[in-house]
Each structure stands twice: as structure tokens, then as C-alpha cells.
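Here is the structure we will look at, set down as C-alpha cells.
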Amino acid sequence: MEYDVVIVGAGPAGLSAAIRLKQLDADCNVVVLEKGSEVGAHILSGAVLDPCGLDALIPDWKAKGAPLNVPVKEDNFYMLGEAGEVRIPNFPMPPLMNNHGNYVVSMGNVCRWMAEQAEEMGVEIFPGMACSEIVYGDNGEVKGVVAGEFGINADGTKGGSYEPGMELHGKYVFLSEGVRGSLSKQVIEKFDLAQGKEPQKYGIGMKEIWEIDPAKHKEGTVTHTMGWPLGKKAGGGSFIYHIENNQVYVGFVVHLGYKNPHVFPYMEFQQFKHHPMVAELLKGGKRVAYGARAITEGGYQSMPKMVAPGVALLGCSVGMVNVPRIKGNHNAMLSGKAAAEAAIAAIAAGRSGDELPEYEAEVRNGEIGKDLFKVRNVKPLWSKYGLTASLAIGGFDMWCNTLFGGSLLGSLAHGKSDAEATEPADQHKEIDYPKPDGKLSFDRLTNVAFSFTNHEESQPAHLTLKDDSVPVGVNLATYAGPSARYCPAGVYEFVEEEGKDTRFVINFQNCVHCKTCDIKDPSQNIVWTTPQGGDGPNYPNM
């Protein structure tokens, strides 16, 4: 099938691109391919949304019924200790940290609404269509993707219900797969787009939706915490957002650059909920949903080149999260808008299959670049010097960038990738985590059931190994098998049976598509690929 533009991923970046393409040229032939069972099924974000992206794309979004219903009314920051907390005042923080004018949202529902706007304009959106392969043209340019292959047996053979994938060709292909997208990863490697850039850095974000006692609910309240229980084990922190209907979003982020392979991000999250301040809020409530997703945190210096012949990377396929603000959706939307404008101009000029340097220039020099440049040193400071130093020096650096447009520190480097940062287990102490109580904290498999994840078990595992001997021979022997801990869904386990060698088991049915394994595996031996279309989590209001 031939299109003007093929878009992979119905997230905020991809949908913004589709809408803008149609705004500029109603006759532009646009298709959006989404691997989730529906638009929004695989969308997970905090989220406090800066509406500047929507303002630029659909200025009358409020009149059109966009689900931005909860303006931020109160903004709180706390430093936690095991038994108490200290409120961090708002006044010393740079203006960019202020959430006034922002909204607490479900990004899944925002994307569902954006998809409706796109379809009304004539955009074709196909959910349940996983894109498994890049199609290259005669000159090596990206000219399309393969989507919608179904019915492959677990051994890789074609089953009785096999349906071949369809090739969808475009004058340009936009990859808006989100964090660590499998096709984006291939394109970055093939065209060496990360050359000369800092390694990308990541975090793992875990989130639960809770219904709480109405007496404790304060719609529009936004709370962020740092400190306990992570301490010096890893960077990260929490968020608690009061949304509508007596619900709160409770989330926890762990930076994946931690050294100690015994760190168990999921259990850090569960332990956090037992802090007195949090436990009191959740007491008498019930968890109604769970999910997890990796977050791009490298920022300005880690953004790869965004264009190659025939293809452009959008949103978190590049990495556009402002780490101290914990926001990237607005930049994703702006990137989709910029890519669409570059493509329309190119098509009007009779171009196709070439690079779109105008898009990259707009991202780096426009509002997205300005947003990320101001905060570029916060993440490397945190990684190298810890929480206290990053608060003091990072805050000062943000003020310098805000007031004077520059920094005394220049642009700091990240150094090692998150995989390379992992150190041998014998250099660190094991960590004893409290057992979940089943009321505030839960084991992983119980929680995964609240992500409504499903994978057809007869298909091949979408989590593959470059070398089958590495998990036990290297990762277990040297790093104490970190995959059994860094995965927030319990996909990986090392099984010991009397009289037999230890086995590495991949329970791919549990996978919530967070991509942490692809990122943090110290041997870079695990490769995440797309499963059959429609499989994976089915997030309701994430």
C-alpha cells in the first residue's frame, strides 16, 4: 500500500504529526500503525501535561473536548526519610519547575482523543498492527515498513492461520515508537545516527492507579518526592497526582544507571508506599491498575541525529524528556508538528526518500531544543554526584541557563551507558527488601494482572537472546542475574532444579513492553522485538 507518509506509533508524537499533515494538506495520504489493541492501550505516562504542544497543534482543544480536565492547583516537593518528610519550598526553584497552567491527565485518553481528531480529518489509523521490519529502497533509503504478520508458531514456522505482513510504503516514514523502539534502534544503528552523541540514559517508571477515600482526595494536587527508600542506591523519585473521581496516580522512577545489580526497582516502588505520608493517603483505598515503562533521560546531549534517507525519528524515539520537569509529552507533540511541516514542504517540492534536515534544525534550535538545553546538566550531575549535589548545583545551573542563557559548567557528559554502569555483584552487598503485604504493596505477578497484559502463547517469544549461554554463564555468574530484578513484570527467572543446571526462563506472556531488559542487560544480550499485533498490556486510563 502506498502513502505519502507512514507513521509508526499512535502516541502523542505520531498523532500530532498525522494531524499536522492533514492541517497543511487535506489530500495528504497518511497512515498511522499502532501495535496496541487500540490507541492508548500501550500509553503510560505520569502525567502532568504542559499544554504548549496542544496549543500549537490544536489551539481550540478545549472547545473540542480534549480530556484535560484537572488543572494543577497545588505543587508539592518533599525529601523523604524513613519515618518522615521535609517540604522543599517552591520559591528557590527555577520558573520552569512551576506546574501552574499544567494539567493532570491520562495520556492514554489524550491519545484516544487525538486519534479521533485525526480520523475526522481523514487519517487512517490501524491498531493491532505491529511493525516488525523496515523496508529499504534501491538506494538504501527507508521506504516503508512491514506490519500485521500473524499466525507464526512458537518454532518460527507458519501456522494454519498464518497471515503475511503487509508492506506499507511512504515518501517518508516517521518512527514514533516511544522509548527504545525496535525499528528506531535498527535505524539508529544502520545509519550511525548516534555518532558523536552521548549515550542515551534511561529510567524505569512504574505506576499504579488507586481509588482512595474521598476525604483524602484533593483534585489537582501534584506531589513529587526524593530520598527514601532509594537513598544512595540509585537516582530517582516518586510522583503522586490527584486526578478525577477520587483517584490518584502513584508512580516511582528509578534511574537505570545504578551500579549495584542487587537493586530491585519494583520493590523500591512497593517499599515507598509504606512511607507514613503515602501509607496514610492510600489506607482504605484500592489499586485498580498497574503498568511500567522506560523513560528516556539523556536529554539534549544524547539526542541522536533525527533524520536519515526516507525516515525521521519523533518524540521519545529521539529522547525529548525534560528530566527535572518530568515532562516530555509536550515536546513529543511539537516534534510531530515539526516533522509534518518539513515533510509537507518536501513533498510539495517534489522530494521523497531523502533526509528532512529542516525537521532536525527546528527540533534542535526551536522550542524543544531551548527546553532541553536549559536542563542538560541535571541528569549527569545526579548520576555522578548524587541527589544532594544535583539539587544544589543542578538548581544553580538551571537558574544560570534561565537567566543568562548559558552555564558555567558547559555541557556535561554522561559517560557510561546504563548497561555499562552495572558492576559485578561481588562489589556490592545484597539488599533485603520487605515482603509485600498484599494491602499497600504487591508481588509482581499479582500487579501484572492489573496491567491487563495478554500475549498469544503459541507465537515465538518476542524477547530474544543473542547468545543463549550468556544469562547463566555471564549475567548470573558475574552480576547475580539482574534481569530477575530489573524487570517490573517478572518476565525473567533463573530456575534451579536438583541435579540439573540452572535454567534461564523467559515468561514473555508477562511482558508489559517497558524495554528495560533491552536497556539494562549488562551484556546487551537481550533484544526486544515486537510481538504479534494487539498483544501486550491493555492500559485503561494510564
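Please verify whether Ala289 is within 26 Å of Gly366 (Cα to Cα) and either outside any helix (DSSP H, G or I) or touching a residue at least 40 places away in the same chain (Cβ under 8 Å) (or both), treating the condition exactly as stated. For Ala289, the condition - within 26 Å of Gly366 (Cα to Cα) and either outside any helix (DSSP H, G or I) or touching a residue at least 40 places away in the same chain (Cβ under 8 Å) (or both) - is not met. Looking at this structure, is Asn29 without any contact (Cβ under 8 Å) to a residue 60 or more places away in the chain, among the polar types (S, T, N, Q) and within 21 Å of Gly144 (Cβ to Cβ)? It is true that Asn29 is without any contact (Cβ under 8 Å) to a residue 60 or more places away in the chain, among the polar types (S, T, N, Q) and within 21 Å of Gly144 (Cβ to Cβ).
This table checks each residue for (1) hydrophobic (A, V, I, L, M, F, W, C); (2) outside any helix (DSSP H, G or I).
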| residue | (1), (2) |
| --- | --- |
| Gln301 | no, no |
| Pro324 | no, yes |
| Ser335 | no, no |
| Ala340 | yes, no |
| Ala345 | yes, no |
| Arg351 | no, yes |
| Glu362 | no, no |
| Ala392 | yes, no |
| Asp397 | no, no |
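The test for being open to solvent by 30 Å² or more (accessible area, probe 1.4 Å), under 14 Å from Gly11 (Cα atoms) and part of a strand (DSSP E or B) does not hold for Phe174.
Scanning the range 486-542 for residues that are part of a strand (DSSP E or B) and on the phi > 0 side of the Ramachandran plot yields one hit, Gly536. Look at (1) among the small types (Gly, Ala, Ser); (2) more than 30 Å from Leu24 (Cα to Cα); (3) in contact with a strand residue (DSSP E or B) (Cβ under 9 Å, 6 or more places away or on another chain) and you find that Ser352 fails only one, number (2). The residue list Lys218, Lys305, Lys283 contains one member that is open to solvent by 10 Å² or more (accessible area, probe 1.4 Å), more than 22 Å from the chain's Cα centre (by Cα), farther than 23 Å from Leu445 by Cα and basic (Lys, Arg), which is Lys218. The sole residue among Val253, Val288 that is surrounded by fewer than 20 Cβ atoms within 10 Å (Cβ to Cβ) and not acidic (Asp, Glu) is Val288. Only one of the listed residues (Glu141, Glu124, Glu133) is touching a Pro at 6+ places or on another chain (Cβ under 9 Å) and either among the polar types (S, T, N, Q) or touching a residue at least 24 places away in the same chain (Cβ under 8 Å) (or both). That residue is Glu141.
The values are calculated or read from the model by the stated rules, or taken from the named source; none is laboratory data. What you see is a predicted model, and the numbers here were worked out from it, not measured in a lab. All Cβ positions, glycine included, derive from the backbone under ideal geometry; neighbour counts span all protein chains shown. Remember, those area values only see protein heavy atoms, side chains included, never the ligands or the DNA or RNA. Shrake-Rupley method; radii C 1.70, N 1.55, O 1.52, S 1.80 Å.
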